[in-house]
1. Any idea what Rg and Dmax come out to for the range 13-60 if you just take the C-alpha atoms, in Å?
2. Fully extended, how many nm does the chain gain between PHE68 and GLN30 (0.36 nm per residue separation, minus their Cα-Cα distance)?
Amino acid sequence: MTLEVPYGQLVPLYRLQYLDAFTGAVVRSQDLEAKDDEEAIARADVARGLTPMELWKRDRKIKEWSAFPPTE
């Protein structure tokens, strides 16, 4: 999905980090473009999986998600 942004206006970048459930180490990350924190959280929710995640904007942690419990 591409954001419609007026020419010259910057889109804030967020980083979604996927964490190891046992060590808390970052195992991979992905950059997200969003106009604000709410939109970034909504985009991260879509990417949610079994691993814990953290959403960052520069040095500010926006939100963290715990690991999904296994389904039976």
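1. My reading of the Cα-based Rg and Dmax gives 10.5, 33 Å.
2. On the way: separation 38, 0.36 × 38 = 13.68 nm, distance 1.93 nm.
Once the chain is fully extended between PHE68 and GLN30, it gains 11.8 nm.
Taken together, the values in this text are just the output of simple stated rules run on the coordinates, not laboratory data. In this text, all values refer to a predicted model and were calculated from it rather than measured experimentally.
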